[in-house]
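Undergrad: Provided herewith is a single structure, encoded as structure tokens, for subsequent inquiry.
The values are calculated or read from the model by the stated rules, or taken from the named source; none is laboratory data. Here the structure is a predicted model, which is why all the values come from computation and not from measurement. Here the Cβ positions follow ideal geometry from the backbone for every residue, glycine too, while neighbour counts run over all protein chains shown. For the accessible areas, the whole protein counts, side chains as well, though only heavy atoms, and no ligand, DNA or RNA atoms are used. Shrake-Rupley method; radii C 1.70, N 1.55, O 1.52, S 1.80 Å.
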Amino acid sequence: MDKIVHIKTFGCQMNERDSEIMGQLLGRSGYVRGDEPETADLILVNTCSIRDKAEQKVYSLLGQLRDLKAKKNNIRIGVCGCVAQQEGRKIIERMPHVDLVVGTQQLYQLPVLLDRLESGELSRAVALDLNPVFAIPPFQHLLREENLQKNEKKHTPVQRYVNIMQGCNNFCSYCVVPYTRGREISRPLADILEEVRLLAAQGVREITLLGQNVNSYGKTNAVAPQVTSFPDLLRAVAEIEGLKRLRFTTSHPKDLDLTLMRCFAELEVLCPHFHLPVQSGSSAVLARMNRGYTAEAYLDKVEQLRGIRPDIALATDFIVGFPGETEEEFVETLQLLESVRFHSSFSFKYSDRPQARATAFPDKIAEEVKGERLSRLQSLQNEISLQWNTNLMHKEVEVLVEQVQTQAGRGRSSANQVVYFHLQADQALPVVGDLVRVQIEHAGPHSLRGAMLS
Ligand code: 5AD
Ligand code: SF4
């Protein structure tokens, strides 16, 4: 009988993809994925440590799992991802209910480590090395097809993530990622193209290329012809048959150049949607963050980009309450938001992170000030997002269908807006993966609603 692995994922798309990879690897060792921790033989917690709040959620779940293991002793519990990398052996020492700790670049060792636990060769397992080579072995993509049915039935098959690089070399002063994911390494081009081809052949319609800093693909540890520049990678992926939409995340403004901007005009499958984290509208704060650009330089790039692709939907990330952030500096962030008018943004209260330089910076901002700044920023963003969405009223939007029910469905526009649609009486229900046209009848700040057109 199949064993059950329950994988709980925290954090970013990178972690979602890592969880998928772990599921695929374990499929080979006779595991199927299950939703209930209570019925699982193995529970893997794929952790995130980007902000204090994310890490606290991980510890609270690990506390609940201690109680579960006390009741059901034959469960194995593993901690993977960024908290595992950061805390390493401390987890094993402090949490006797954890059997296995696997760092961000050791996930493909999972089956071997489990075998060694099962055979009794190890009583508990720890694997934390950060490799100087791309961590996902080239055979990885081959695991997809055979496990797709067994392990991934519930995931929408139309949209997938593909890793193109790992790690980060930027050392923004607030950020833990260079320490948890190691140095930047680009994945060989042939592996990326082969994985995308395989996915497209399986019916996947939309691919998001993933990396901490995708637009520096090929710049570090580059071994031509194994890797190329990011715009050339985009061009090569865009030619793959069957692919209808291409996205990428995340980019660093300092590495955004004209060649990449032009891809948005030249490549039909590349969606006019761009996540370009700005973090702050104050050049002084950006300097303290070690971001490598000023607010003015960011605004210039946005103008250039909109000159090339006027309908591009921009999304961003903001941090409020960075150490020493004055009210005036925060107002500069509001002004930048007013001037760029992002379609959407993620915004966070600054939190200290282990090893990050800003943790030692003076003039930390009080929690209530951070909270107040966050809500001012978010209410301005909501107004702007609502205006963008209201502009689409009575217009037609192309939607990639992700879910269908009786007489209704859900999908996303190329600008990444969530669109709910209903059918007219005589229309045939589309299938997941179809591109349909929807006439917008209702606009909210976070989604659109409308009627499917024949
Ligand atoms: N505190 C708050 N937000 C942070 N981010 C990264 N590190 C921190 C931190 N220490 C945010 C940034 C980044 C996003 C993924 O998380 O906005 O772009
Ligand atoms: Fe969280 Fe960053 Fe690690 Fe992703 S890379 S899981 S966001 S800490």
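Undergrad: Does any residue of the stretch 106-123 turn out to be touching a residue at least 40 places away in the same chain (Cβ under 8 Å) and within 16 Å of ligand 1 (Cβ to nearest atom)?
TA: The initial filter retains those residues of the stretch 106-123 that are touching a residue at least 40 places away in the same chain (Cβ under 8 Å), namely 107-108, 110-111, 114-115, 117.
After this cut, where a residue has to be within 16 Å of ligand 1 (Cβ to nearest atom) as well, the list is none.
No, the stretch 106-123 has no match at all.
Undergrad: Hey, which of the helices (runs of 4 or more DSSP H) in the stretch 185-285, taking only ones fully inside, have at least 2 residues that are surrounded by 22 or more Cβ atoms within 10 Å (Cβ to Cβ) and touching a Phe, Trp or Tyr at 6+ places or on another chain (Cβ under 8 Å)?
TA: Working: elements: 189-201, 230-238, 258-266.
Output list reads 230-238.
Undergrad: Among (1) more than 16 Å from ligand 1 (Cβ to nearest atom); (2) farther than 17 Å from Ile77 by Cβ; (3) open to solvent by less than 10 Å² (accessible area, probe 1.4 Å), which single condition is Arg17 missing?
TA: (1)
Undergrad: Out of all the residues in the stretch 418-425, is one or more part of a loop (DSSP other than H, G, I, E, B), surrounded by fewer than 17 Cβ atoms within 10 Å (Cβ to Cβ) and not small (Gly, Ala, Ser)? Walk me through how you get there before you give the answer.
TA: Initial filter on the stretch 418-425 (part of a loop (DSSP other than H, G, I, E, B)): 423-425.
With surrounded by fewer than 17 Cβ atoms within 10 Å (Cβ to Cβ) added as a condition, the list becomes 424-425.
Imposing the further condition that a residue be not small (Gly, Ala, Ser) reduces the set to 424.
There is at least one residue in the stretch 418-425 that is part of a loop (DSSP other than H, G, I, E, B), surrounded by fewer than 17 Cβ atoms within 10 Å (Cβ to Cβ) and not small (Gly, Ala, Ser).
Undergrad: Could you tell me whether any residue of the stretch 294-302 is in contact with a Ser or Thr (Cβ under 7 Å, 6 or more places away or on another chain), assigned to a strand (DSSP E or B) and not hydrophobic (A, V, I, L, M, F, W, C)?
TA: Looking through the stretch 294-302, none of the residues is in contact with a Ser or Thr (Cβ under 7 Å, 6 or more places away or on another chain), assigned to a strand (DSSP E or B) and not hydrophobic (A, V, I, L, M, F, W, C).
Undergrad: If I ask for residues that are open to solvent by 30 Å² or more (accessible area, probe 1.4 Å) and hydrophobic (A, V, I, L, M, F, W, C), which ones from the stretch 392-409 would you list? Before the answer, list the steps.
TA: First pass over the stretch 392-409, keeping only residues open to solvent by 30 Å² or more (accessible area, probe 1.4 Å): 392-396, 398, 403-407.
Scanning the stretch 392-409 gives Leu392, Met393, Val404.
Undergrad: Would it be correct to say that His442 is open to solvent by less than 70 Å² (accessible area, probe 1.4 Å) and either of a type outside the set (Phe, Trp, Tyr) or in contact (Cβ under 8 Å) with a residue 24 or more places away in the chain (or both)?
TA: Working: open to solvent by less than 70 Å² (accessible area, probe 1.4 Å): no; either of a type outside the set (Phe, Trp, Tyr) or in contact (Cβ under 8 Å) with a residue 24 or more places away in the chain (or both): yes.
Answer is no for this residue.
Undergrad: Restricted to the stretch 74-88, and to residues that are hydrophobic (A, V, I, L, M, F, W, C) and within 13 Å of ligand 2 (Cβ to nearest atom), which residue is nearest to the chain's Cα centre (by Cα)?
TA: Applying the first criterion (hydrophobic (A, V, I, L, M, F, W, C)) to the stretch 74-88 yields 75, 77, 79-80, 82-84.
Going one step further and asking which of them are within 13 Å of ligand 2 (Cβ to nearest atom), we end up with 79-80, 82-84.
Values: Val79: 19, Cys80: 16, Cys82: 14, Val83: 17, Ala84: 18 Å.
Applying the filter and picking the extreme gives Cys82.
Undergrad: Would you tally the residues in the stretch 350-380 being among the basic types (Lys, Arg) and out of contact with any strand residue (DSSP E or B) (no Cβ under 6 Å at 6 or more places or on another chain)?
TA: Filtering the stretch 350-380 for residues among the basic types (Lys, Arg) gives 353, 357, 364, 370, 373, 376.
Next, from what is left, pick out any that are out of contact with any strand residue (DSSP E or B) (no Cβ under 6 Å at 6 or more places or on another chain): 353, 357, 364, 376.
Count: 4.
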